[in-house]
1. What's the magnitude of the charge dipole for segment 164-237 around its Cα centre, counting Lys and Arg as +1 and Asp and Glu as -1 at the beta-carbon? Answer in Debye, nearest 20.
2. Set the Förster radius R0 to 30 Å, insert the Cβ-Cβ distance between CYS169 and VAL214 as r into 1/(1 + (r/R0)^6), and round the FRET efficiency to 0.05.
3. List the GluC sites (Glu not before Pro) in segment 94-182 that DSSP assigns to loop (not H, G, I, E or B) and whose Cβ has at most 15 other Cβ atoms within 10 Å. Which are they?
4. Compute the acute angle (0 to 90°) between the alpha-carbon long axis of helix 11-28 and the principal axis of greatest extent of the alpha-carbon atoms of the chain; round to the nearest 10°.
5. Using a 1.4 angstrom probe and counting only protein chains, how large is the accessible area of TYR153 in Å², to 10?
6. To test your reading of the geometry: what angle, between 0 and 90 degrees and rounded to tens, separates the Cα axis of helix 219-236 from the longest principal axis of the chain?
7. Past the 19 Å Cα-Cα mark, which pairs from LYS50/LYS110; LYS67/LYS110; LYS23/LYS111; LYS74/LYS110; LYS141/LYS190; LYS50/LYS74?
8. Just the accessible area per residue of the chain, please: how many Å² with a 1.4 Å probe?
Amino acid sequence: MIRIAVCDDEKYFADQIRDLLVKFGDEIGETICVKEFYSGMALLEAFDCKFDMVFLDIKMPELDGVKAAEEIRKRDQDVTIIFLTSLLGRAIDGYKVAAANFLIKPVDKKKLTREIDRWINRRTESKQECLLVENRTGQYKIPVTSLRYIETYNRNLLLHTDDKIVVCCNRKLRDLKEQLEKYGFAQSHKGIIVNLSYVDTTGANDITLVTREVVPVSRSMKKEFMSRLAGYLGGQI
């Protein structure tokens, strides 16, 4: 199934794109589930990091498509964003949010379906594993490869990624440990899980990451951690 959000303040255009997408899905034997939104705010309120693609009108009142896309990127680095526009002069704004393309309104069926084909090809070539978490500000999709380490803090989890720290309220450390072990993560301390690909050096009581961050390793967990680290590094040779 391909999950797609279409956001356009003109219902006629949103309906047109939905109908084209659903019909194309039938033609290629792929279920395409389309959710329509008529404002940037409505899209952000419902955005749950489970969409594969977002078709987003640039020119909308209150919150335009570029600003909505900027908020989406804070939560989800992986979703494909395609702008709908009659203003080619704003194409440069697309680079700020890693937009895949621009489609001119009214949307041509061939160009629209070409974007679906491209997404399907990318999905076939490479699927990036992601972790879905949430807090009071919304839901976030975090690529596993960008996650450096996780630590407990005030009954929450802090997920340290390459570009931000995400506070997670809905998961437990032991659950994430079980989920992430197959991706090369190991527990170094009762409140710490580390991505082994980021480990630079190990000390008596701590670990230094390639980012120069230092995280603790407890005496009781060091043997198991070092064993997992050795096995991980051995698998990389």
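The values are calculated or read from the model by the stated rules, or taken from the named source; none is laboratory data. Source: prediction; values computed, not measured. Cβ sites come from the backbone with ideal geometry, for glycine too, and all protein chains shown count toward neighbours. Accessible surface is based on the protein model in full, side chains and every heavy atom, while ligands, DNA and RNA are left aside. Shrake-Rupley method; radii C 1.70, N 1.55, O 1.52, S 1.80 Å.
1. The dipole of segment 164-237 has a size of about 220 debye.
2. 0.70
3. Those that pass, being in a loop and sparsely packed, are GLU129.
4. 70
5. The accessible area of TYR153 comes to roughly 130 Å².
6. Long axis of 219-236 versus the principal axis of the chain: about 60 degrees.
7. Long pairs (Cα-Cα over 19 Å): LYS50/LYS110; LYS67/LYS110; LYS74/LYS110; LYS141/LYS190.
8. Accessible area per residue, the chain: 54 Å².
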